[in-house]
Amino acid sequence: QSALTQPASVSGSPGQSITISCTGGSNDVGSYNHVSWYQQYPGKAPKLVISEVTERPSGVSNRFSGSKSGSTASLTISGLHPEDEADYYCSSYAGTFTWVFGGGTKLTVL
Amino acid sequence: EVQLEGSGGGLVQPGGSLRLSCAASGFTFSDDPMNWVRQAPGKGLEWISNIRADSTAYYADSVKGRFTTSRDNGKDLLFLQLNSLRDEDTAVYFCARDVHFSFDSWGQGSLVTVSS
């Protein structure tokens, strides 16, 4: 149950696009298309923004998109808005009803 | 509207016990698996437990044998019993609904502080 690897921080200017990577292994990201992404503001509960690698829940902006290649999943946010500044976490199903999260990425909108 | 309301957090001494609750509303609680996820101060999210609709529970290695998850489907309640608490268990504990392997709704979190 090792944590998935995410960059500690990324940054971008309003209107730009950024991508956050999430690297796992053959026991999690590499074996299942059950990768999710969560947005979290300080002091708040996380919010689901991407499920099943690419699915966007109702109400989530279409500026958020997900993808996966091998054992690495990615979250892309296009047309950055100031309110996108938050922490982002990936998560993957790891078999037998267990999950693993990434260490989190702090997004700064310059 | 799905709502999850956590309660039961507090200050406990190392080696002590605590029980957290999560009250669910707005969906058919008995149909859905549920999870507990924690976040230590200034740290990332850590999945710690999943409980299926039939009450079979699964745990992260870090809490296995010390924490127990249960549910009361008649009262729409989820529980986390925390025993043999350690300093490193200090965290905000979130309950979250599991829908198709993702956590689509979260409670507001309950702070557990383990300290002498």
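Every number here is computed from the coordinates shown, using simple stated rules; none is lab data. This one's a predicted model, so the numbers in the text were calculated from it and none came from an experiment. For neighbour counting, all protein chains shown are included, and Cβ atoms are generated from backbone atoms with ideal geometry for every residue, glycine included.
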message = Give the average, rounded to an integer, of partner chain Cβ atoms located within 10 angstrom of each Cβ in A:98-104.
response = 6
inquiry  = Over 16 Å apart: what share of the alpha carbon pairs of chain B falls there, rounded to a whole percent?
reply    = 55
remark   = Mean other chain Cβ within 10 Å across B:48-54 is 2
query = What order do you get for A:28, A:84 when you list them from fewest to most C-beta neighbours inside 10 Å?
reply = A:84, A:28
request  = Mind giving me the FRET efficiency for residue A:83 and residue A:21? R0 is 35 Å, r the Cβ-Cβ distance, nearest 0.05 is fine.
outcome  = 0.95
ask   = In a Debye calculation with equal point scatterers on the alpha-carbon sites of the stretch A:47-110 and no solvent, what is log10 I(q)/I(0) at q = 0.16, 0.22 Å⁻¹?
value = -0.57, -1.04
query = residue B:5 versus residue B:61, label points 7 Å from Cα toward the beta carbon: distance in nm?
reply = 3.9
Separation of the residue B:115 and residue A:67 label points, Cα + 7 Å toward Cβ, nm = 4.6
task = Note down the nm distance, to one decimal, between modelled labels 7 Å out along Cα→Cβ at residue A:33 and at residue B:72.
result = 4.1
request  = Could you calculate the FRET efficiency of residue B:84 with residue B:108 from 1/(1 + (r/R0)^6), where r is the beta carbon distance between them and R0 is 45 Å, rounded to 0.05?
outcome  = 0.95
key: Per-residue Cβ neighbour rank within 10 angstrom, fewest leading, B:75, A:106   = B:75, A:106
request  = With no solvent and one equal point scatterer per Cα, compute the Debye intensity ratio I(q)/I(0) for the protein assembly as shown at 0.08, 0.09, 0.18 Å⁻¹ and report its log10, rounded to two decimals.
outcome  = -0.28, -0.35, -1.33
request  = Can you tell me the alpha carbon radius of gyration of chain A divided by the globular rule-of-thumb value 2.2 N^0.38 Å?
outcome  = 1.00
request  = Mind listing the long-range amide H neighbours of residue A:94? Cut-off is under 5 Å, sequence gap 5 or more, other chains count too, H placed in the peptide plane at 1.01 Å from N.
outcome  = A:99, A:100
task = Would you please give the residues with an amide H less than 5 Å from that of residue B:16, counting only those at least 5 places away or on a separate chain, with H modeled from the backbone geometry?
result = B:85
request  = Would you mind telling me which residue in B:63, B:12, B:99 has the biggest mean-square fluctuation in a Gaussian network model of chain B, where springs connect alpha carbons within a distance under 10 angstrom?
outcome  = B:99
